[in-house]
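Working notes for the structure below.
The values are calculated or read from the model by the stated rules, or taken from the named source; none is laboratory data. Keep in mind the model is a prediction, meaning the values are calculated, not measured. For neighbour counting, all protein chains shown are included, and Cβ atoms are generated from backbone atoms with ideal geometry for every residue, glycine included. Keep in mind that these areas ignore ligands, DNA and RNA; they rest on the heavy atoms of the full protein, side chains included. Shrake-Rupley method; radii C 1.70, N 1.55, O 1.52, S 1.80 Å.
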Amino acid sequence: MMVMKLTKNFVAIMITMLVVVCGHNNVLAKGKIIFIPHDNRPISFVQTVESAEGLGYEIVTPPENLLGNRTASGKSDELWQWLFAEIKTADSVVLSADSLIYGSLVDSRKHDLKLEQVLGRADNFSKLKEINPNLRVYVFASVMRSPRSSFGGVEPSYYEQYGPNIFAATALEDKAETVGLTKTEEKELHKLKELVPGAAFSDWLDRRTKNFKVNSKLVAMVKNNDFVYLALGRDDNAPFSQTRKESRLLKEQGANVPISKFQCLAGIDELGMVLLTRAINDLSFKIPLVLVQYADGVGKDTVPTYSDEAIDKSIWQHLFATGAIPTKYYERADFVLMVNTSYDGRTLEASGADNNYIPKLNTLSFADKVAQELKEGRAVAIADISFANGADNALLQELSQRKLLPKLLAYGGWNTANNSAGFVIAQGILAKDKNNQDKNYLLGIRLLDDWAYQANIRQELNSEIVYPHNGSAVDIEKLKPLLIADGNEKLKIFINNKLSDFKINNAQISFPWNRMFEADFKVAK
């Protein structure tokens, strides 16, 4: 035991000496981390930063007016100017390539930039360590998504009409290259391509080509050790798709790079949070160990909607991306990640009628497992992916009635399965070093967003206000006063009925992207 204590003291002394030698004499912070998200959505920006606050690190973010949103492009060139000035005193940077090259994640799908422009901006990444040779660089970028459909102005305008055919055609092309097509599928592919105007198809593929060449350059940079880590995220995706095809080719380019430096992961919205956590783990010399459990049924073999692989593979990849390692030993685990999947492996929408408060086939057994882990003194985080885009009402009701929610380390169920799982893994890792009040503040925000709003209040506001006023869920500017007033009242009722164990005072809702899908919540800490 004495040897162990001496060893820990020796390590602490050495770390202190390294800090002095490297010139980081800011005794108030363990390190300075610059974070540039891929847009200004609350989950991407403020909520990610809040998760990392209070741990002794200086988290520096750019002025919000430089970031993109749903309708306004980000200011890439100004972001680069700001970044070049800030990195001189930074220890680490966590950077969205989409913001720094296209303007934002949405801009990456809609921009009209020339190839030489985007490649020129990508070249800037190789200049970072010229300015600060000791800088640790973490980069995340999207492999342009191939959604089955899209609306609300986050794709080129033609995608609302032709998107389903574009998706289906390119999915068949991917399938043709990997497993082959039947004669019927060959005919279907020919028919689908005839249904899409040539100009629309050409525009979509041209922008994808630029995205692919940018990502190829980023892979070359991580091979050249310009980055500590590069994550390429497969945005909304499917087992066969153009996104899957491009990701496969990019992985081949980086085949000799270890997963500790480069991965292609399913998902994108969560990667800012994941890499910020990785940067903190690296600066603090931590390698968290996480034990993963699944609900009864299909469990780890579930292939969620919006993904192209089994959830167990995605979760392992996200663990590695944060700098964590999975373990099967309870005594070694920092926490248990419990993954709530539907018994049959289907991932339905949380806004549908199936997401009621009646316990499903595996709901009670999953709640029993959570209760048992907590009873045995283990920290528990829940990735709630039984439904997409919102919490499982039956499970959350059961956990609330058993008074288990405040005992959780972290919770996530806000978007796609990979978004939710990746975010909660990272938040769980960071929450281990937070006090109970700060931990429960973050937990409360997730429950307000994922359970109260996404799974319930959003649908109520749509049916009671948006649709009766002939409004649109993707353009709510004129209805915002009504939606905010009614939303705040519904939040108050929901908190009183289902979240009374949390000290959530005067929760206020807002809609920063002027559509129903995103909401922000202000709660007194």
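Per-structure values
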item: Subset of region 88-104 [open to solvent by 10 Å² or more (accessible area, probe 1.4 Å) and closer than 21 Å to Val154 by Cα]; result: Tyr102
item: Residue list for region 355-382, filter: polar (S, T, N, Q) and surrounded by fewer than 17 Cβ atoms within 10 Å (Cβ to Cβ); result: Asn356, Ser365, Gln372
item: Pair list, Cβ < 8 Å and 6+ apart or interchain, from region 235-261 residues that are closer than 17 Å to Ala97 by Cβ and outside any helix (DSSP H, G or I) to residues that are open to solvent by 20 Å² or more (accessible area, probe 1.4 Å) and of a type outside the set (D, E, K, R); result: Lys261/Val228
item: Hey, Glu246 closer than 28 Å to Ser150 by Cα, in contact with a strand residue (DSSP E or B) (Cβ under 7 Å, 6 or more places away or on another chain) and either open to solvent by 10 Å² or more (accessible area, probe 1.4 Å) or at pLDDT 95 or above (or both) or not; result: yes
item: Matching residues, region 497-525, being of a type in the set (S, T, N, Q), over 25 Å from the mean Cα position of the chain (by Cα) and either open to solvent by less than 30 Å² (accessible area, probe 1.4 Å) or modelled with pLDDT of 95 or more (or both); result: Asn497
item: Hits in region 451-474 (condition: charged (D, E, K, R) and touching a Lys or Arg at 6+ places or on another chain (Cβ under 7 Å)); result: Glu460
item: Single match in Leu100, Leu135, Leu105 (criterion: over 18 Å from Ser73 (Cα atoms), within 25 Å of the chain's Cα centre (by Cα) and not small (Gly, Ala, Ser)); result: Leu135
item: Residue satisfying all of: in region 315-346; surrounded by fewer than 24 Cβ atoms within 10 Å (Cβ to Cβ) and hydroxyl-bearing (Ser, Thr, Tyr); nearest to Gly413 (Cα to Cα) among these; result: Ser342
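Yes/no per residue for (1) under 19 Å from Val94 (Cβ atoms); (2) modelled with pLDDT under 95; (3) of a type in the set (Phe, Trp, Tyr):
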position: Leu128; (1), (2), (3): yes, no, no
position: Pro133; (1), (2), (3): yes, no, no
position: Val137; (1), (2), (3): yes, no, no
position: Ser150; (1), (2), (3): no, yes, no
position: Thr182; (1), (2), (3): no, no, no
position: Ser202; (1), (2), (3): no, no, no
position: Asn215; (1), (2), (3): yes, no, no
position: Ala231; (1), (2), (3): yes, no, no
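So that you can scan it fast, the table gives a plain yes or no per residue for (1) without any contact (Cβ under 8 Å) to a residue 12 or more places away in the chain; (2) open to solvent by less than 30 Å² (accessible area, probe 1.4 Å); (3) out of contact with any Lys or Arg (no Cβ under 9 Å at 6 or more places or on another chain); (4) among the polar types (S, T, N, Q):
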| site | (1), (2), (3), (4) |
| --- | --- |
| Ala353 | yes, no, yes, no |
| Arg402 | no, no, yes, no |
| Thr416 | no, yes, yes, yes |
| Ile429 | no, yes, no, no |
| Asp449 | no, yes, yes, no |
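Yes or no, residue by residue, for (1) buried (at least 19 other Cβ atoms within 10 Å of the Cβ); (2) charged (D, E, K, R); (3) at pLDDT 95 or above:
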site: Leu265; (1), (2), (3): yes, no, yes
site: Met273; (1), (2), (3): yes, no, yes
site: Leu276; (1), (2), (3): yes, no, yes
site: Asn281; (1), (2), (3): no, no, yes
site: Ile287; (1), (2), (3): no, no, yes
site: Val292; (1), (2), (3): yes, no, yes
site: Ala295; (1), (2), (3): yes, no, yes
site: Val298; (1), (2), (3): no, no, yes
site: Asp301; (1), (2), (3): no, yes, yes
